[in-house]
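Before any comments, here is the structure.
Values quoted throughout were computed directly from the atomic coordinates according to the rules given, and no laboratory measurement underlies them. Just so we're clear, the structure is a prediction, and the values are computed from it rather than from any experiment. Neighbour counts run over all protein chains shown; Cβ positions are idealised from the backbone, glycine included.
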Amino acid sequence: MKKYWIIFKNSLQTSMAYRFNTFAFLIAELFSLAVIIYLWLSIYRQGNQIGNYTLSSLIIYYIFTKFISLLINAQDTARIIGDSIRQGDIINYLVKPINFQFESFFSNFGAVTYNFLAYSFIFLIILLFFHGISINILSAVLFILFILMAIVINFLINYIIGISTFYLGFIMGINFIMFNITLFLSGSLIPLDMLPSLVYKIVGFLPFKYLAFVPISVVTGKIGLDGLMPLLAHGLFWILALYLVALILYKKGLKNYEAYGG
Amino acid sequence: MKLTAVKLKKCVKIWRLSLYNSLMQRMAYRFNFLLMCVGVFLQMILTLIFINVIFGFIDNLSGWTREQALIVVASYMIIEGLMWATCAYLAGISRNIRMGTMDLILIKPMDAQYLVSIWRGDPEDWVRVATALLVFIYAIVNLDIPLAVVLKNLIYYIILMFNAYVIVYSITLILKSFSFWFVEATSLNLFNQAVTRMSQYPTDIFAHKIAKIIFSTVIPLAFIATVPAKILIGGMNLYLFFSSCALAIIFFYSSRKFWLFALKHYSSASS
């Protein structure tokens, strides 16, 4: 376990080295948050009620989506893994007593942790500015639990895309498609319960909702305690299913890998 | 005069070759290229779904009907698509500076800004332009504007869209020029996208006075999609038209000066 701790620490330190990036990412997200807020302000000014959301609850929803997006997208895992397979650098891991999947996860987790440390305080202030929600200890703990689930699910999805390089040769296209699908089906673009009920039901079965909609619904109290257990079980089912898919794809891919480059 | 014509011919030839090279690079992974096209198309569709969901709840967005707003969205998509299809290399400036591969551009006997701008174009983004044009035509047809009026306003619209392209290009170049000072500045791409994407909705949503002034002058978002759409729908407005032309000239001149200034701070990372 010590070797993964070192990988985690290295990734954390690498992220710290590029502080300008941290700042620019934050400003970029705040810009797009401002647009979304202005857009919804303009809609609510006409006296409309959108779904079950008041203006302030919708603004808080989007603040959380930006925060979660900054956390889980701290590293472009799919591209990094894809490049390492395509350019043959993966050989460096294969000859060492390191599990490639764990290495990738802890590297990703280091970047996520750095972003959590860098951005959480700023987003807390933004939430307070918008007269945010009253968060008790239980909802905070549950939020962290579901955020961890989001990090793992997001990692596994990106890992699967990354190791698709074994089969596709180049994953830029599939990565771009998945980015857009994830953005929409996670609820980052529109809260999922604003979609038509049939679409909402279908999306509800998929794992993407855990990447934004579910953690936000938990922390804002939209999901009661009785609804938590099925959600947790469903989330764990997806983690297991994605993990198994990743394992199979990796093993099969490695068998046919010609290890060019390196 | 003859020398200028020869130089211009050379520039066009190099641009054509770079577009051809970009296409060849994409064709090396044909299935990936197909997926990239699907991805671009999907991104457009999701934006349209978002607009449709919004207009499912309201009749107008800060005075813009659904079809009018679609013209703004389509105009933005056209500019974004053209930028990626022609000047995609700008997005990679940071990486090339970090890797030292910027040298390959700078040592060539041509204007470095020109080469950096046209060195790569993403062919899949022509799908973005084509989709945007379809949305544009759909919106125009459903607006019930007489054809003669549309055709007359279309000339102004094309000039304003050219200005918008120059403004977006200049903003991108200015932002990417900061890469010469920062070793790792890939986040500038995200920042640049966040800034320019603000213009995909009618800028009338920015109701505050200060926001209006900022988005008309400092970052002239209004002139990227909203003003061209306004003139196409409502007819000529001389003040907006000449402001757009002036801003395009000012921004292009500033970006050129800033690029040359930033270039002086380049220290090669290669061996």
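Quick one: longest stretch of chain B between exposed loop chymotrypsin sites (Phe, Trp or Tyr not before Pro), exposed meaning at most 16 other C-beta atoms within 10 Å and loop per DSSP? Answer from the scan: B:1-180. Here the Karplus curve 6.51 cos²θ - 1.76 cosθ + 1.60, taken at θ = phi - 60°, turns the phi angles of region B:52-62 into couplings of 5, 4, 4, 6, x, 9, 10, 8, 8, 10, 6 Hz, with x standing for Gly and Pro.
Ranked for footprinting exposure by Cβ neighbours inside 10 Å, fewest first, A:R79, A:R45, B:R26 give A:R45, A:R79, B:R26. Rounded to the nearest 20, the Cβ-based charge dipole of chain A about its Cα centre (Lys and Arg +1, Asp and Glu -1) stands at 300 debye. Between 0 and 90 degrees, the angle of helix A:172-185 with respect to the longest Cα principal axis of chain A falls at about 30 degrees. For region A:217-229, putting each phi into the Karplus relation 6.51 cos²θ - 1.76 cosθ + 1.60 with θ = phi - 60° gives couplings of 4, 5, 6, 8, x, 6, 10, x, 4, 5, x, 6, 4 Hz, in residue order, rounded to whole numbers and with x for Gly and Pro. With θ taken as phi - 60° and the Karplus curve 6.51 cos²θ - 1.76 cosθ + 1.60 applied, the whole-hertz 3J(HN,Hα) list for region B:85-101 is 6, 10, 10, 5, 5, 4, 5, x, 4, 4, 4, 5, 5, 5, 7, x, 6 Hz, x standing for glycine and proline. The distance separating the Cα centre of region A:198-262 from that of region B:112-130 comes to 36 Å. Count Lys and Arg as plus one, Asp and Glu as minus one, and take only other residues whose Cβ is under 13 Å from that of A:L244; the net charge is then +2. With the charge dipole of the protein assembly as shown set up from +1 on Lys and Arg Cβ and -1 on Asp and Glu Cβ about the Cα centre, the Cα lying farthest toward the positive end among the listed residues B:S267, A:W5, A:T54 is that of B:S267.
Of B:K230/B:K264; B:K212/B:K257; A:K3/A:K255, which ones are farther than 31 Å apart at the Cα?
B:K230/B:K264
Considering only alpha-carbon pairs that sit under 8 angstrom and 6 or more positions apart, the relative contact order computed for chain A is 28 percent.
Whole angstrom only: what separates the Cα centroid of region B:3-73 from the Cα centroid of region A:1-67? What the calculation gives is 26 Å, centre to centre. Can you give the local net charge around B:Y114? Use residues other than it whose beta-carbon is closer than 12 angstrom to its beta-carbon, Lys and Arg +1, Asp and Glu -1. That works out to +3.
Taking chain A as a Gaussian network, where each spring joins two C-alpha atoms under 10 Å apart, which residue of A:I202, A:I147, A:I190 fluctuates the most? Of the options given, A:I202 has the highest mean-square fluctuation.
Exposure proxy check: A:M178, B:M24, B:M77 ranked by fewest other beta carbons within 10 Å? If you can, show how the numbers build up before the last one.
Values: A:M178 20, B:M24 10, B:M77 26.
Arranged by neighbour count, lowest to highest, A:M178, B:M24, B:M77 become B:M24, A:M178, B:M77.
Taking a ≥ b ≥ c as the square roots of the eigenvalues of the Cα gyration tensor, the protein assembly as shown is oblate, since a/c reaches 1.5 or more and a/b is not larger than b/c. Using a cutoff of 8 angstrom between alpha carbon atoms and counting only pairs six or more residues apart, the relative contact order for chain B works out to 27 percent.
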